[in-house]
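Below is one structure; the comments refer to it alone.
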Amino acid sequence: MKRKLQMVLSLMLALVFVFVTACGNSNNEGSTNSGTNGTTNDGTNAAETAEPITIRIASGDNNPSWDDMNSDVGKAIKEKTGITIKQEFPVGGTDSDMFALMVASDDYPDMVMPKGSAGKLVDAGALIDLRPLIEEHAPNLQKIYGEYFNRLRWSEEDEAIYTLPQGGVGQTYFDAGGGFQLQHQVLEAAGYPEIKTVKDYEAAIKAYIEKNPTTPDGQPTIGMSLNGGEWQILISVTNPAFYATGAPDDGEFYIDQETHEAIMHYQRPIEREYFRWLNHMNNIGLLDKESFVQKYDQYKAKIASGRVLGLIDQNWDYGEAENALKAEGKFGSTYARFPVTLDETFQDHSFQGTGYIAGYGVGITKDAQDPVRLIKFLDYLASDEGQVLVNWGIEGQHYNVEDGKRVIPADVQEMKSNDNNTFKKTTGIGNYLISARYGDGVKDPSGNYYTTTFPEQIQASYSEQDKKTLAAYGATTYKDLWPADDAFPERKYGAAWTLPFETGSQANVIFQKTQDIMKKRIPEAILAKPEDFDKIYDAFLKDLEDADVAKLNAEFTKMVKDRVALWSK
């Protein structure tokens, strides 16, 4: 029995080794960096050790623009801290698969950035409590989180801080990256019509595709494509049901803002009507027939071809493909964004306030070779000097200071706007937002914004086609088309999608069942004959009931109310 156990453990460790090496190995451990101490502009030491080290970070999100610290910013960070990052990404699997393998083998990299697997890692004892390290060694981290430091605690029962959330503190949204997207050429051909409801959106697509059934290079034009073949079904198919029906995105649950009672959002009768509209779009031939079977790369390739007139997605999901269009000069095939709702009685709640969301972030594992040095590394990235470096790059190269203001040169901005994939990989700007950070709209002691996302810079980054479209709608940014930030009361629980179920709990088991049901029934309902839609949707709701969704709703309600109580202290 002992020999069999040893064989199993050996196999697991071998799999981990394959996973790590598949992400790219290097011999940079012998770096010539002297490890000289760097000092930030607020007086903290960037590196306390003379010897350079290489650390492993496992990220749950793939980053095709990761530069392996060979970029300008990457090299500057190595010079300042003496630390080389080897970042690992999911290979042939998901975030959950990657971290489940680590738990099974009980072998971890120095740091982790899990998306939805933090609870699994905490339950396994894989993450160390960062609170004492922060309190002793990280003044910049304390400064950034400030009044929200209490929100970092894991739970009412466990005050440990296992991860540092990476969402911007003090965030102001100056632009909108989601909503419903339409190609600029579609809007121009229609004379820039009002785009407020799904009927408006549908009419613009229909009018264009009737006159342009094929693209200039002879490919069939696609009215609208959804990224529903993989996990992004949540982003492109189901989350928009919130926004189109006047609710904020709270993951898979709708939260009553007064009582904080939770139900799985598909149980809202009005959402049935949103999915009925998608069924209608499929029935009249305007929905891509491959929406629920295509892989992510196929989805992006279609967008990059210029064939897809409309999307319902987030810019971070389709942006890589849109950048390819920009790089080819096909700006008419890039997208404008609108807050489209089921009808004019609803308002898009995309920007309903949450306060600071203590969500996904970076954690240090029990196997880390030097936790103190790692927290100091994260603290450097959170310093004023570090924040300017990771967001703006290097002075004189990526930005200049003119009359006390940081300014991005025109040629740098052009590359950033038109070929952001190459820009990110070459410069490293945006690749090192792995620690605590200030949100858009927050200014540093010099009076400049910490980030490059502010109204003037956003407008400078827009293409001429963007500016033309926005002018037609009387707007200067896409955010202008959305309801104002103060149109809705702030959510006292933040965003419910940040609440994790305990690994192995009954609620988690039920939740996974409901996800499997949703991934089967929602595509089935959308692709069905219109006369069969209600029958399938009724079966969907019955499947949820049989899976004990009522018990799940009750448990999630408790979690939301506990969060409200915890954050109220």
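Readers should treat all values here as calculations from the given coordinates under stated rules, not as data from a laboratory. Worth saying up front: this structure is predicted, and the values here are computed from it rather than measured. FYI the Cβ positions are ideal-geometry reconstructions off the backbone, even for glycines, and counts take in every protein chain you see.
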Task: Order by protection proxy (mean Cβ within 10 Å, highest first), peptides 146-155, 227-236, 396-405 - done: 227-236, 146-155, 396-405
Open item on the list: Please compute the modelled spin-label separation between residue 367 and residue 343, points set 7 Å along Cα→Cβ, answer in nm with one decimal.
Closed with: 5.7
Open item on the list: Given the DSSP H assignment, sum -39500 (n - 2.57) over each helix run of at least 4 residues in the chain and divide by its residue total; what's the result at 222 nm in deg cm²/dmol, nearest 500?
Closed with: -12500 deg cm²/dmol
TODO: Taking the Cα centre of the chain as origin, sum charge times position over the Cβ atoms of Lys and Arg (+1) and Asp and Glu (-1), and report the length of that vector in debye to the nearest 20.
DONE: 840
- [ ] Round to a whole angstrom and tell me the spacing of the C-alpha centers of segment 252-313 and segment 511-545.
- [x] 13
Task: Using a Förster distance of 45 Å, the FRET efficiency for residue 554-residue 217 (Cβ separation, nearest 0.05) - done: 0.25
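Given +1 on the Cβ of Lys and Arg, -1 on the Cβ of Asp and Glu, and no further charges, what dipole in debye does segment 218-359 carry about its Cα centre, rounded to the nearest 20?
With Lys and Arg at +1 and Asp and Glu at -1, about 700 debye.
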TODO: Sort all Cα-Cα distances of segment 60-131 into consecutive 5 angstrom bins from zero, then give the percent of pairs in each bin up to the one containing the longest distance.
DONE: 3, 14, 22, 20, 16, 15, 9, 1
Task: Among 314, 298, 342 the positive-end extreme of the charge dipole of segment 287-352 (Cβ point charges) - done: 298
Task: the chain - Rg over Rh from alpha carbon coordinates, Kirkwood radius - done: 0.96
Task: Distance (nanometres) between label positions extended 7 Å along Cα→Cβ at residue 206 and residue 230 - done: 3.4
Open item on the list: With unit charges on the beta carbons (Lys and Arg positive, Asp and Glu negative) and the dipole taken about the Cα centre of segment 438-569, which residue among 499, 566, 483 sits farthest to the positive side?
Closed with: 566
- [ ] Bin width 10 Å, alpha-carbon pairs only: give the P(r) of segment 426-569 as whole percents, running from 0 to the bin holding the largest distance.
- [x] 9, 19, 22, 27, 21, 3, 0
- [ ] Could you compute the FRET efficiency for residue 268 and residue 486, with r as their C-beta to C-beta distance and R0 at 35 Å, rounded to 0.05?
- [x] 0.90
Open item on the list: Among 504-511, 441-448, 78-85, 420-427, how do they line up by average Cβ neighbours within 10 Å per residue, starting with the highest?
Closed with: 78-85, 420-427, 504-511, 441-448
- [ ] Could you line up 284, 394 from fewest to most neighbouring Cβ atoms inside 10 Å?
- [x] 284, 394
TODO: Do me a favour and compute the ellipsoid semi-axes for segment 106-153 from its Cα gyration tensor, root of five times each eigenvalue, largest one first, whole Å.
DONE: 23, 13, 9
TODO: Could you tell me which of 198, 103, 365 has its Cα farthest along the dipole of the chain towards the positive end, charges placed at Cβ (Lys, Arg +1; Asp, Glu -1), taken about the Cα centre?
DONE: 103
Open item on the list: Which order do the peptides 218-224, 310-316 come out in when sorted by mean C-beta neighbours inside 10 angstrom, highest first?
Closed with: 310-316, 218-224
TODO: Give me the number: length gained by fully extending residue 394 to residue 561, i.e. 0.36 nm times residue separation minus the C-alpha to C-alpha distance, one decimal in nm.
DONE: 55.6 nm
Task: the chain: relative contact order as a whole-number percent, Cα under 8 Å and 6+ apart - done: 21
